[in-house]
Amino acid sequence: MTAHTVYDHVADFISRMNPQLLLELKAPEAMSIRLEDLIDKEKEGTLSSEEKDELDHYIVLERLIRLSKAHARLRIAEQ
C-alpha cells in the first residue's frame, strides 16, 4: 500500500462522517496566520528545523483535508 493510497483511504473515511460539515471546515485565524509566517520564513531562508517540521505537518494536514473535501463533494453529488 502506498502513502497515496493510505491518504486516500483516510480521506474517504473522513468524508463519510458528515460531508456537508466537512466542506465548511476552515482553519482558525491564528492557525492561518502562523502558517503564513512559516511560509514567509521559508521563503526568506530563516526557518529553523523545528519550524520546518511544523510547516511540514501543516502541509500534510492541508493536503489530507483537501482530499477529504474532494471525497465529500463526490459523496454529495452522488446523493
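All of the numbers you see were taken from the coordinates with simple rules; none came from a lab. Since we're looking at a predicted model, the values are computed, not measured. Here Cβ is always computed from backbone atoms with ideal geometry, including for glycine, and neighbour counts include all displayed protein chains.
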Residue in the stretch 24-33 that is more than 12 Å from the chain's Cα centre (by Cα) and closer than 15 Å to residue 75 by Cβ present: yes
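Identify all residues within the stretch 1-22 that are aromatic (Phe, Trp, Tyr) and within 10 Å of residue 67 (Cα to Cα); write none if there are none.
Scanning the stretch 1-22 gives a single hit, 7.
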Cβ-Cβ distance below 8 Å, separation of 6 or more or different chains: which pairs start in the stretch 39-66 with a residue that is assigned to a loop (DSSP other than H, G, I, E, B) and end on one that is surrounded by 10 or more Cβ atoms within 10 Å (Cβ to Cβ)? 47/38; 47/41; 47/55
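Yes or no: residue 72 closer than 28 Å to residue 8 by Cβ, within 15 Å of the chain's Cα centre (by Cα), not in a helix (DSSP H, G or I) and not polar (S, T, N, Q)? Working first, answer last.
On the way: closer than 28 Å to residue 8 by Cβ: yes; within 15 Å of the chain's Cα centre (by Cα): yes; not in a helix (DSSP H, G or I): no; not polar (S, T, N, Q): yes.
Taking the combined requirement at face value, the residue does not satisfy it.
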